[in-house]
Amino acid sequence: MLRNAALTLLVLIAAAIIAVLAILPGYFEAQMNVVEEHEPYAISVDAQRLHDSLIIGDLHSDTLLWHRDVLAHARRGHVDLPRLEQGNVALQLFTAVTKSPEGQNYEENAGDTDRITALVMLQRWPVRTWASLYERAAYQAQRLHRAAERSQGRLRVVRTQSELADILEARSRGQRVTAALLGTEGSHALDGDLANIQNLFNGGYRVMGLHHFFDNELGGSLHGLTKEGLNDFGRAAVTEMLRLGVIIDVAHSSEATVDDVLAMTDRPVIVSHTGVYGECESARNISDNHMRRIAAEGGLIGIGYWEGAICDISPEGVVRSIRYAIDLVGAEHVALGSDYDGTTTVTFDTSELAVLTQTMLDQGFTEAEIRAVMGENAANFFLEYLPN
Ligand SMILES: [Zn+2]
């Protein structure tokens, strides 16, 4: 009798642990990727009509890190395929986060701790991802490819100019299809091995960020301890990326690293997600000087929607930073760089992007400026700089 009771208790405890483990990943994400509560945004008929005619592109979303199906409409986070479709998004860059230090801040982080390890274990990712940052990036690519395969043509992973051109052409004929591109958030995902650039490329990665919040094998992060530029390994990595035609993303890199990259190539780089220091004096943000130099090479600057980037997360606040960037470098170099699902708090998710079109109209933006910033720049950039 007593033995039966003990057994029942054990089964109950085991069931409770399993239930908690199943719920925890979603619970954590709901705390970290937040949309501030708000009334539905009022979108005028004209704004909606213009929005529906745009090619919309976003340069940065960390959605693949989280424990949910990108094809399913989630009640948490910022991006999934149904919400991309509602927002009329043509092109989404999915970026792979592979390591993030404890106590992460914009000023100074060491690289000796990592919160992602606990997350990937809790989310029951394959054991090979537990100790390898490369495997974490490879696995996120695999998740996107599998989602695309299951999507019945609604989501396609783009590797070449012609694949993107095909999707844009299909969309112009009214077909419901969204282009997904793969990018890394920091080249610690190479695990210190140059051969992994080719391996990630083979896995579909076409954009590679050099840094995240800490100095890595390539050199200094904007938020690291040294603020140094590229070291020998970093130069070799950039050289290999350029050889393969990988687009380099200098978001999160130190100013010295950005200088070094710009000195190494005339090929344009992107800043996938940032704010602009001239409008919002945050240690996270890019200087006028670097914006001008990146634009002069034909690069793109993606403006984010979170407080550390724009100081004011209302749609008006986002648009204020976009205006500043346009006035500084010209509309053809400004893009959207949401940092959706990047442990950010925002005031609209990707399904609600029409509020940006509305707000830009309200602020007197020209239709050409709106078209450019909302995604034509991003589409044109990838049509020109993806491999053939
Ligand atoms: Zn980031």
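The values are calculated or read from the model by the stated rules, or taken from the named source; none is laboratory data. These numbers were taken from a predicted model, which means no experiment stands behind them. Counting neighbours? That spans all protein chains shown, and the Cβs are built from the backbone with ideal geometry, glycine included.
Side notes on the structure shown:
- Count - residues of the range 122-155 that are among the β-branched types (V, I, T) and over 21 Å from the mean Cα position of the chain (by Cα): 1
- Scanning the range 70-90 for residues that are on the phi > 0 side of the Ramachandran plot and at pLDDT 95 or above turns up at least one hit.
- Evaluating N105 against the criteria (1) assigned to a loop (DSSP other than H, G, I, E, B); (2) among the polar types (S, T, N, Q); (3) within 30 Å of R171 (Cα to Cα) leaves one unmet condition, (3).
- Any hit, the range 142-158, residues being in contact (Cβ under 8 Å) with a residue 40 or more places away in the chain, over 30 Å from F233 (Cα atoms), out of contact with any strand residue (DSSP E or B) (no Cβ under 8 Å at 6 or more places or on another chain) and not aliphatic (A, V, I, L, M): yes
- Any hit, the range 24-33, residues being touching a Leu at 6+ places or on another chain (Cβ under 7 Å) and more than 30 Å from F381 (Cα to Cα): yes
- Helices (runs of 4 or more DSSP H) contained in the range 301-379 and holding at least 2 residues in contact with a Ser or Thr (Cβ under 6 Å, 6 or more places away or on another chain): 307-310, 315-329
- Cβ-Cβ under 9 Å pairs, at least 6 apart or on other chains, the range 229-255 side on the phi < 0 side of the Ramachandran plot, far side among the aromatic types (F, W, Y): M241/F201; L244/F201; V246/F201; V246/Y205; I247/F381; I247/F382; I247/Y385
Every residue, every condition in (1) part of a loop (DSSP other than H, G, I, E, B); (2) more than 22 Å from K99 (Cα to Cα), yes or no:
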position: R235; (1), (2): no, no
position: T239; (1), (2): no, yes
position: R243; (1), (2): no, yes
position: D259; (1), (2): no, yes
position: D266; (1), (2): yes, yes
position: S272; (1), (2): no, no
position: E281; (1), (2): yes, yes
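- Comparison of A6, A15, A72, A22 shows that the only residue that is closer than 22 Å to S151 by Cβ, surrounded by fewer than 21 Cβ atoms within 10 Å (Cβ to Cβ) and either polar (S, T, N, Q) or free of Cβ contacts under 8 Å to residues at least 40 places away in the same chain (or both) is A72.
- Qualifying residue in the range 58-66 (condition: under 19 Å from T178 (Cα atoms) and assigned to a helix (DSSP H, G or I)): yes
- Among residues of the range 367-381, those that are more than 14 Å from G337 (Cβ to Cβ) and aromatic (F, W, Y), counted: 0
- Where a residue in the range 318-346 is closer than 18 Å to F213 by Cα and among the small types (G, A, S) and its partner, wherever it lies, is away from the ligand (no atom under 16 Å from the Cβ) and in a helix (DSSP H, G or I), with Cβ under 8 Å and at least six apart: S338/T350
- With respect to the conditions (1) touching a residue at least 40 places away in the same chain (Cβ under 8 Å); (2) touching a helix residue (DSSP H, G or I) at 6+ places or on another chain (Cβ under 6 Å), H290 lacks only one, and its number is (1).
- Unique match (being within 14 Å of the chain's Cα centre (by Cα) and either of a type outside the set (A, V, I, L, M) or closer than 17 Å to D341 by Cβ (or both)) among L119, L93, L81: L93
- Within the range 176-189, residues that are more than 19 Å from S132 (Cα to Cα) and part of a helix (DSSP H, G or I) reach no partner that is within 13 Å of the ligand (Cβ to nearest atom) and among the polar types (S, T, N, Q) with beta carbons closer than 8 Å at six or more positions or on different chains.
- Candidates E163, E169: the one that is more than 26 Å from V271 (Cβ to Cβ), more than 16 Å from the ligand (Cβ to nearest atom) and assigned to a helix (DSSP H, G or I) is E169.
- Top-ranked residue in the range 315-364 [being touching a Lys or Arg at 6+ places or on another chain (Cβ under 9 Å) and among the polar types (S, T, N, Q); ranked as farthest from R115 (Cα to Cα)]: Q363
- When L210, L230, L244, L225 are checked against the criterion of being crowded, with 24+ Cβ neighbours inside 10 Å and more than 16 Å from the ligand (Cβ to nearest atom), a single residue qualifies: L230.
- Qualifying residue in the range 256-276 (condition: touching a strand residue (DSSP E or B) at 6+ places or on another chain (Cβ under 7 Å), surrounded by 18 or more Cβ atoms within 10 Å (Cβ to Cβ) and at positive phi): no
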